[in-house]
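First the structure, in the form of structure tokens, and then the observations on it.
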Amino acid sequence: MTEIAKAYGDTLYDLAVESGEVEQILDEISTLRQAFEENPQFMTLMNTPTMSKAERVAVVDETFGGKIHIYLLNFLKIIADNGTAREFIDTAKQFRSRYNWENGIVEATVISAVPLSDAQESSLVEKLNAITGKTVQLDKRVDPNCVGGLRLLMDGIQMDGTVKNKLDAIRTRLLGVLA
């Protein structure tokens, strides 16, 4: 993440806090981030050097005017005008990161061979909440290659208790003994 994106995200977050509109702006910036990640053509258009600044700002205004919070709309206009629209995704990540930090939230990803039941998910979240002392938001993914067990990614740390990982470790040890 660039320093520009961090500064943009922090500034937008501070403005949202001052206005008391954090939840709304978080929801809208998250929706836009997902849309832009799934459809990068808009960001490509906003970074096209052949478009004038005024044209880029007009596209933003026509596309989002009246549909998103005015602060977020003005922010999009600023990055369109500055030619820094490519920073939007990381700006949204920084905004989310600040929100999570301020609200004691930790994001975690759990990967399992089969979908977790509601009871399993609830139990895991309870344990993680107790361990971290924070509220854990769990992103669940299914990867049949795990065979069984769980792989957890949280705060840059990976804990791998999958059957595949254990089999790989056994294979490595056997190959070391045979070599």
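The values are calculated or read from the model by the stated rules, or taken from the named source; none is laboratory data. Computed from a predicted structure; not experimentally measured. Cβ: placed from backbone, ideal geometry, glycine included. Neighbour counts: every protein chain shown. Heavy atoms of the whole protein, side chains included, go into the accessibility calculation; ligands, DNA and RNA do not. Shrake-Rupley method; radii C 1.70, N 1.55, O 1.52, S 1.80 Å.
Got a number for carbon plus sulfur as a percent of the stretch 21-62's accessible area, 1.4 Å probe?
Numbers: 1340 of 2540 Å².
It is 53 percent, rounded to a whole number.
What whole number of Å gives the distance from the Cα centroid of the stretch 146-167 to the Cα centroid of the stretch 29-94?
So the separation of the two Cα centres works out to 37 Å.
Between the helical axis of 3-19 and the dominant principal axis of the chain, each derived from Cα atoms, what acute angle in degrees is found, rounded to the nearest 10?
Helix 3-19 sits roughly 70 degrees off the main axis of the chain.
For the chain, modelled as a Gaussian network with Cα springs under 10 Å, which listed residue fluctuates most, Tyr71, Tyr99, Tyr13?
The residue that fluctuates most here is Tyr71.
For the chain, find the longest principal axis of its Cα atoms and tell me its angle to the long axis of helix 70-82, 0 to 90°, nearest 10.
Between the helix axis and the principal axis of the chain, the angle is about 80 degrees.
What does the charge count around Cys146 come to, taking other residues whose C-beta lies under 14 Å from its C-beta (Lys +1, Arg +1, Asp -1, Glu -1)?
Details: positive: Lys140, Arg141, Arg151, Lys164, Lys166; negative: Asp143, Asp160, Asp168.
After counting each charged neighbour, the total is +2.
Between Thr132 and Val17, how many nm apart are label points set 7 Å from Cα along the C-beta direction?
2.0 nm
Considering just Cα atoms, how many Å³ per residue does the convex hull of the chain enclose? It would help to have the intermediate numbers written out before the result.
On the way: hull volume 31.1 nm³, N = 179.
Per-residue hull volume (Cα only) is 174 Å³.
Running a GNM on the chain with Cα contacts under 10 Å, which residue among Leu76, Leu138, Leu167 ends up with the highest mean-square fluctuation?
Checking each option, the largest mean-square fluctuation is seen for Leu167.
Which angle between 0 and 90 degrees, to the nearest 10, do you get for helix 118-132 versus the longest principal axis of the chain when only C-alpha atoms count?
So the helix axis and the longest Cα principal axis differ by about 80 degrees.
Over the chain, with a Gaussian network built from C-alpha contacts below 10 Å, which listed residue (Ala108, Ala119, Ala85) shows the highest mean-square fluctuation?
For the chain, modelled as a Gaussian network with Cα springs under 10 Å, the answer is Ala119.
Could you compute the net charge surrounding Leu15? Neighbours are other residues with a C-beta less than 12 Å from the C-beta of Leu15; K and R count +1, D and E count -1.
-3
Taking the simple approach of a point 7 Å from Cα along Cα-to-Cβ for both Gln34 and Asp10, what is their distance in nm?
2.9 nm
Return one whole number: the accessible area per residue of the chain in Å², for a 1.4 Å probe. Could you put the intermediate results ahead of the total?
Working: 10700 Å² over 179 residues.
Per-residue accessible area for the chain comes out at 60 Å².
Separation between the Asn74 and Thr2 pseudo-spin-labels, each 7 Å from Cα along Cα→Cβ, expressed in nm?
Result: 2.3 nm between the two label points.
Only bridges with both residues in the chain count here: give the DSSP antiparallel percent, nearest 5.
Working: 9 of 17 bridges.
Bridges in the chain that DSSP calls antiparallel: roughly 55 percent.
Please compute the length gained on full extension between Leu167 and Met43, using 0.36 nm multiplied by the number of residues separating them and subtracting their Cα-Cα distance. Write out the running numbers ahead of the final one.
Details: separation 124, 0.36 × 124 = 44.64 nm, distance 4.32 nm.
Gain in length upon complete extension: 40.3 nm.
Quote the charge dipole size of the stretch 92-179 about the Cα centre in Debye, to the nearest 20; the model charges only the Cβ of Lys and Arg (+1) and of Asp and Glu (-1).
Values: 12 positive and 10 negative charges, 57 e Å.
With only Lys, Arg, Asp and Glu charged at Cβ, the dipole is about 280 debye.
Which value, in debye to the nearest 20, gives the size of the charge dipole of the chain about its Cα centre, when Lys and Arg are +1 and Asp and Glu are -1 at the Cβ? Walk me through the intermediate numbers first.
Working: 19 positive and 26 negative charges, 179 e Å.
Rounded to the nearest 20 debye, it is 860 debye.
Calculate for the chain the 222 nm mean residue ellipticity that helices alone would give, adding -39,500 (n - 2.57) per DSSP H run of length 4 or more and normalising by residue count, nearest 500 deg cm²/dmol.
Only helices count here, giving -20000 deg cm²/dmol.
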